[in-house]
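The block underneath contains the structure these notes are about, expressed in structure tokens.
The values are calculated or read from the model by the stated rules, or taken from the named source; none is laboratory data. Predicted model, so just to flag it, every value in this text is computed and none were measured. Cβ coordinates were reconstructed from backbone atoms using ideal geometry, including for glycine residues, and neighbour counts include every protein chain displayed. Remember, those area values only see protein heavy atoms, side chains included, never the ligands or the DNA or RNA. Shrake-Rupley method; radii C 1.70, N 1.55, O 1.52, S 1.80 Å.
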Amino acid sequence: MQAAVSRPAIAAKRRRADNLSATPHLAIADDTGLLSALPIAAAVIEHAADGCFKVAAHNGRFLDLVERSNCTALDWNEADCLKAGPIAEQLRTFFDGTDTAGELDFTDGDGVSAQFYRIKLAPLPKRGGCEARCLLSVVDRTVELQAERTLRAEMLRDSLTGLPNRLSFSEAIEQAGDKVARDLEHAVLVVDMLRFSRINESMGSLAGDELLITFARRLILALRAGDVLARTGGNEFGVLVSLRRGVEDALKAAERIQQVMAAPFRLSELEIRVECAIGVALMNAGQDPEELFRNAQFAVKQAKVVGRPQVYEPKQATEARRRFSIETELRRALDKDQLKLFYQPLIDLKSGEVAGFEALARWTHEDRGEISPTEFIPVAEESGLILQLGRWAMDTAAQTLAGWDRDAGEQLPLYVGVNLSAIQVARDDIAAVVASALKASGLTGDRLTLELTESSIVQDPVRATRVFDALKSLDATVAMDDFGTGYSSLAYLQRLPIDVLKIDKSFVSGMMVDADAVAIVRAVLSLAEALGMSTTAEGIETVELATTLATLGCASGQGFYFARPLPAEAALDYWKSRRR
Ligand code: C2E
Ligand code: MG
Ligand code: MG
């Protein structure tokens, strides 16, 4: 700490300064004029022959600053020479030419009472007997820097919980990353409070805030010294832990977190249980903090599915990336009309003739080759692209059948089955999509079978009922696809206008080896009969299956035994070849 400038010394300087400015000496009058015109604290410094830095003139602001700040570095002695200190040092280098910037930031004092100054030096023409002169101006930056610090602290803090925020957490990870090089392992845990938005909605945001604060407090209980806790999102917290025994320590931390969350939370009058999903990512040397955090977030997603803490595995992320790139490329393929519809014959098991076709999407990717619909349909469903894909399939299938009619010059005794995803049922106006396909192709509704799955009923039975009814009013046939693999209740089966049950291929292919599978197929067949529905068996791969199913009374079937899904032209040829 530097010694304070004594008050009487300042008073003496003020008196002398008054005398100086009253002196009718041209040089001083010039300097004083210059200085008093300046809006900041400034002084003219002369480099005297004896090496001292003489305060030749100064303005009132300069004196005020010296007085207010008690800063010795700015003070000068009885001989008007600046006292030794950072400023005198700066002047030395300025005058001897080694410092050309002429700028110096310096701090006076420390802690909360620290003052921050920026001084600037600008050369002045020589005058009288001095060696060199300069203008020294001082800006007190204390308030400015304090505001900057407060702002920065605010920027790094979550205002609700008082914890470090996402930005600050990234900085903490980065700092820890430097230590990885020194053999200290770290892991990032992302803790996601489950069902938070529902609590927030039903109990109000105040209660939600209270819950977040309590949740954060409990998290602190699960930490060990040196761990960093941050609120990284609405209901998401990050924990940075150092590890002694690798992943085991990270999983122990996750276990401690789950233990502290086990007891119910009190919110107003209610006691609620709060569960959390925890994702863990281990830090590698030189890893980008953002990447590490994203890995832990990825692990959280997995943890939500699995129901226990998950450690990030790059393999799963590779799969997720593949899905993501499939999404991007599927979007492009749809826009460029690169998907094809193939048609798999549906055989009337009694007559052996082709009764109709199921339209199935096919995608041959330029680089990846054939991509199965079992891979791209779920991606399309997740991304919403299924709406576009579904409309395309509906229009294309109807156009193909209408084209066959046109070429034959008559209406062929065939129908086409089109798959509808549960997402389409939930989000699209299916009836309008079907109606528009019928209108554009000129087909009547009875030429279309729409294959829906049980999941479209389970999600929203009321909406499904409306959609099924609308499809019936267009005269279309409704088939329940993959029957037996979903969870639809028999009540809905009875209530909804379903015409056909398609028995899932898992039961059909099991029939030859598994007595239970036969029992299930029989049960489905008699259920269909009781409800007045027709049946189609999927996955008929052998002649034995075809005959057994025909004997059991199954109306129609499809499978590799008859034909694989075929391009439109080949499908029509196949129909012709089986005509009696
Ligand atoms: P799905 O609707 O149950 O279609 C029947 C699936 O069984 C087709 O698979 C077909 O190629 C396959 N299959 C037919 N016979 C046999 C057989 O004898 N043995 C075996 N192992 N498989 C047989 P695919 O074409 O791979 O389609 C898979 C699923 O993708 C379809 O199942 C359907 O749910 C969906 N999908 C295909 N195209 C579309 C579409 O345009 N829209 C929608 N929403 N879904 C589609
Ligand atoms: Mg189908
Ligand atoms: Mg099926």
Q. Name the residues in the stretch 409-428 that are within 16 Å of ligand 1 (Cβ to nearest atom) and not in a strand (DSSP E or B), would you?
A. Leu420, Ser421, Ala422, Ile423, Gln424, Val425, Ala426, Arg427, Asp428
Q: Within the stretch 39-63, track down each residue that is in contact with a strand residue (DSSP E or B) (Cβ under 7 Å, 6 or more places away or on another chain), under 28 Å from Val143 (Cβ atoms) and not aromatic (Phe, Trp, Tyr).
A: Ile40, Ala41, Ala42, Ala43, Val44, Ile45, Val55, Ala57, His58, Asn59, Arg61
Q: Pull up the stretch 132-160, narrow it to residues that are in contact with a helix residue (DSSP H, G or I) (Cβ under 7 Å, 6 or more places away or on another chain) and in a loop (DSSP other than H, G, I, E, B), then point me to the one that is farthest from Asp99 (Cα to Cα).
A: Leu160
Q: Looking only at the stretch 74-91, count how many residues are touching a residue at least 24 places away in the same chain (Cβ under 8 Å), in a helix (DSSP H, G or I) and surrounded by fewer than 21 Cβ atoms within 10 Å (Cβ to Cβ).
A: 1
(Q) Within the stretch 417-424, does at least one residue satisfy the condition of being in the same structural domain as Val354 (by TED's automatic domain parsing), more than 16 Å from ligand 2 (Cβ to nearest atom) and open to solvent by 30 Å² or more (accessible area, probe 1.4 Å)? (A) no
Q: Name, by its number, the condition in (1) touching a His at 6+ places or on another chain (Cβ under 9 Å); (2) among the small types (Gly, Ala, Ser); (3) not assigned by TED's automatic domain parsing to the domain that holds Gly51 that does not hold for Ala132.
A: (3)
Q.
Among (1) under 52 Å from the mean Cα position of the chain (by Cα); (2) over 30 Å from His186 (Cα atoms), there is one condition Leu124 misses while meeting the rest; what is its number?
A. (1)
Q) With respect to Gly111, is the statement that it is in contact with a Ser or Thr (Cβ under 9 Å, 6 or more places away or on another chain) and open to solvent by 20 Å² or more (accessible area, probe 1.4 Å) true? A) no
Q. Checking Arg495 against (1) charged (D, E, K, R); (2) in contact with a Lys or Arg (Cβ under 9 Å, 6 or more places away or on another chain); (3) surrounded by fewer than 21 Cβ atoms within 10 Å (Cβ to Cβ), which test does it fail?
A. (2)
Q) Inside the stretch 429-449, can you point out the residues that are in contact with a helix residue (DSSP H, G or I) (Cβ under 8 Å, 6 or more places away or on another chain), in a loop (DSSP other than H, G, I, E, B) and surrounded by fewer than 19 Cβ atoms within 10 Å (Cβ to Cβ)? A) Gly442, Thr444
Q. Taking the stretch 482-506, which residues are within 15 Å of ligand 3 (Cβ to nearest atom), in a helix (DSSP H, G or I) and in contact with a Ser or Thr (Cβ under 9 Å, 6 or more places away or on another chain)?
A. Ser506
Q: Select from the stretch 233-242 the residues that are closer than 16 Å to Leu194 by Cβ and buried (at least 22 other Cβ atoms within 10 Å of the Cβ) and list them in ascending order.
A: Phe237
Q: Kindly list the number of the only condition in (1) polar (S, T, N, Q); (2) part of a strand (DSSP E or B); (3) over 28 Å from Ala437 (Cα atoms) that fails for Thr536.
A: (3)
